[in-house]
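See below for the structure under consideration.
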């Protein structure tokens, strides 16, 4: 018996997931547009420049704790530096100040997925799509979430939707 026969999904669905995953790496955008880091960016997150950027973001939040964008920026920087629990605190603070902040909902969903809190992550990401249905990043994050919980067809659908929107320039 091969490993493929043990998988609880049909082979065509598995092929679609495997096909979409490398393409989704192309969908990542820079941290300045509020996305997760590429592997190269994640590897450089521990550089002195990244540390300085994180320190500057912390200082900005300390000086202006009610600044939603500062909270969101710090949340993404913390997520990229491997501190998802700390990032979640800042996304939640941003949402407490401005509940309809798309970037904070997206970041919150991304971090909750990384923490394995899948129902909360799905809700946050779906809420983000209600605020703005176009961003490729949200579809990518939903695809990642569905793949992690074994809902492969939903993962494929989200990855394909993200690719479709990316091709249309709806980032």
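The values are calculated or read from the model by the stated rules, or taken from the named source; none is laboratory data. Since we're looking at a predicted model, the values are computed, not measured. In this analysis, Cβ positions are derived from the backbone assuming ideal geometry, glycine residues included, and neighbour counts consider all displayed protein chains.
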Complete set of residues in the stretch 143-171 that are within 18 Å of residue 110 (Cα to Cα), outside any helix (DSSP H, G or I) and touching a helix residue (DSSP H, G or I) at 6+ places or on another chain (Cβ under 8 Å) | 149, 171
So which residues in the stretch 60-91 are closer than 17 Å to residue 50 by Cβ and either touching a residue at least 60 places away in the same chain (Cβ under 8 Å) or assigned to a loop (DSSP other than H, G, I, E, B) (or both)?
-> 81, 82, 83
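Which count do you get for residues in the stretch 92-106 that are part of a helix (DSSP H, G or I) and under 18 Å from residue 135 (Cα atoms)?
Pass one, the stretch 92-106, residues part of a helix (DSSP H, G or I): 92-97, 102-106.
When the remaining residues are screened for being under 18 Å from residue 135 (Cα atoms), the result is 102-106.
Within the stretch 92-106, residues that are part of a helix (DSSP H, G or I) and under 18 Å from residue 135 (Cα atoms) number 5.
Of the residues 4, 112, 11, 18, which single one is within 16 Å of the chain's Cα centre (by Cα) and either modelled with pLDDT under 95 or surrounded by 12 or more Cβ atoms within 10 Å (Cβ to Cβ) (or both)? Spell out the reasoning first.
On the way: 4 fails: within 16 Å of the chain's Cα centre (by Cα); 11 fails: within 16 Å of the chain's Cα centre (by Cα); 18 fails: within 16 Å of the chain's Cα centre (by Cα).
Matching residue, one of 4, 112, 11, 18: 112.
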Breaking point among (1) modelled with pLDDT of 95 or more; (2) part of a helix (DSSP H, G or I), for residue 137 = (1)
Considering the stretch 143-171 alone, what residues qualify as being within 17 Å of the chain's Cα centre (by Cα), in contact (Cβ under 8 Å) with a residue 24 or more places away in the chain and surrounded by 18 or more Cβ atoms within 10 Å (Cβ to Cβ)?
-> 143, 144, 145, 147, 155, 156, 159, 162, 163, 165, 166
Taking the stretch 124-134 on its own, how many of its residues are free of Cβ contacts under 8 Å to residues at least 12 places away in the same chain and either outside any helix (DSSP H, G or I) or in contact with a strand residue (DSSP E or B) (Cβ under 6 Å, 6 or more places away or on another chain) (or both)?
-> 1
